[in-house]
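Below is one structure; the comments refer to it alone.
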Amino acid sequence: MKTPANQPSRMFNTGDPIPQLGIGVFKVDDDECERVVLEALEVGYRHIDTAMIYRNEAAVGRAIAHSGIPREELFVTTKLWNADQGADATAGGLATSLELLGLEYVDLYLIHWPAPLRDVYVETWLALEELYATGVTKAIGVSNFEPAHLERILEAGSVVPAINQVELHPAFQQRTLRAFQEPLGILTEAWGPLGQGKYDLAEIAGLGEIAQAHGKSIQQVVLRWHLQEGVIVFPKTVRKQRMIENLSVFDWELSDEEMVLMKSMDADRRVGTHPEDGNW
């Protein structure tokens, strides 16, 4: 895809780029999602993150169709839900997503959770490798995988995941996981990059002072921190003005000292589901 000139991207281990900042549509109702995605595309977003379980892929597809933006200028991620895992079901899961999206291919297809009690994520990964070979997805990866889960698919498969999308925010920085996966060529992508509103960012010592020093919001500082960490990030919002604010993080930088301070904010505070428990 073509990444907008004013926006940073990261390179997959396939050699293809992914825009480093996108728009997420988790818990955005289908009725509202089309408007949200259209407005995001209007203000400059080109990376959209959805999933089968979000039940809004059709709305994402309508927005893409109505936007008039060439397909090759967009980056679309969707995810395989737990119930569709397995050697025989995975291809059907992607086929359904493509039909709902109205697309011939997605740019990135992820296993949404390892769902270890089901214990079919290894054969599911091998099925993703077959789909990748056909071109219906330009890259494959995982979401919410811990090192032990990654080790199993790396041992069984022949393709290294392009990305692992995980919970990551100032209070939960995933340093151990990142140290494991990134040397292998697996990029880190953050869901819940602002903590999903489950704690008050303003209460983190030093964060407000950094924001004040730059004349930016605390949310913008956190997004800028993600970018400088090399993390791909897709904050969710349904408000157009907030979309614009979230994009206004490319023309300034945090200092080395500020990055060190941000690192010290890690409290190993997970606010979402632990991957071992995501067995729905």
Report, ordered by the first and then the second residue, all pairs with beta carbons closer than 8 Å, sequence separation of six or more or different chains, a first member in the range 227-238 that is touching a residue at least 12 places away in the same chain (Cβ under 8 Å), and a second member that is assigned to a strand (DSSP E or B) and among the charged types (D, E, K, R).
-> G230/R10; V231/E189; I232/R10; I232/E189; V233/E189; F234/D49; F234/E189
Condition met for V233 (crowded, with 19+ Cβ neighbours inside 10 Å, under 16 Å from the mean Cα position of the chain (by Cα) and either among the β-branched types (V, I, T) or under 14 Å from G24 (Cα atoms) (or both)) = yes
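Can you pull out the residues in the range 161-179 that are buried (at least 16 other Cβ atoms within 10 Å of the Cβ) and either over 17 Å from the mean Cα position of the chain (by Cα) or at pLDDT below 95 (or both)? Reasoning before the result, please.
Pass one, the range 161-179, residues buried (at least 16 other Cβ atoms within 10 Å of the Cβ): 161-174, 177-178.
Correct list: A171 only.
I'm checking my understanding of the structure. Among residues of the range 136-160 that are assigned to a loop (DSSP other than H, G, I, E, B) and touching an Asp or Glu at 6+ places or on another chain (Cβ under 9 Å), which one is surrounded by the fewest Cβ atoms within 10 Å (Cβ to Cβ)? Please lay out each step first, then the result.
Kept after step one, since they are assigned to a loop (DSSP other than H, G, I, E, B), are these residues of the range 136-160: 136, 138-139, 144-146, 157-160.
Pick out the ones that are also touching an Asp or Glu at 6+ places or on another chain (Cβ under 9 Å) and you get 136, 138-139, 144, 146, 157-159.
Values: V136: 18, K138: 19, A139: 22, N144: 23, E146: 18, G157: 15, S158: 8, V159: 19.
So, considering only residues that are assigned to a loop (DSSP other than H, G, I, E, B) and touching an Asp or Glu at 6+ places or on another chain (Cβ under 9 Å), the one surrounded by the fewest Cβ atoms within 10 Å (Cβ to Cβ) is S158.
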Given the conditions (1) crowded, with 21+ Cβ neighbours inside 10 Å; (2) part of a loop (DSSP other than H, G, I, E, B); (3) hydroxyl-bearing (S, T, Y), and given that T188 satisfies all but one, which numbered condition is not satisfied?
-> (2)
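Identify all residues within the range 191-217 that are part of a helix (DSSP H, G or I), of a type outside the set (A, V, I, L, M, F, W, C) and either modelled with pLDDT of 95 or more or touching a Pro at 6+ places or on another chain (Cβ under 8 Å) (or both); write none if there are none. Break it down stepwise before answering.
Filtering the range 191-217 for residues part of a helix (DSSP H, G or I) gives 195-197, 201-203, 207-214.
Cutting the leftovers down to of a type outside the set (A, V, I, L, M, F, W, C) gives us 195-197, 203, 208-209, 212, 214.
Listed by number, the residues that qualify are G195, G208, E209, Q212, H214.
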Is there a residue being of a type outside the set (A, V, I, L, M, F, W, C) and farther than 24 Å from V28 by Cα anywhere in the range 242-250?
-> no
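The values are calculated or read from the model by the stated rules, or taken from the named source; none is laboratory data. Predicted, not measured: the structure shown is a model, and the values here were computed from it. Methodologically, a virtual Cβ is constructed for each residue, glycine included, from the backbone with ideal geometry; neighbour enumeration extends over all protein chains shown.
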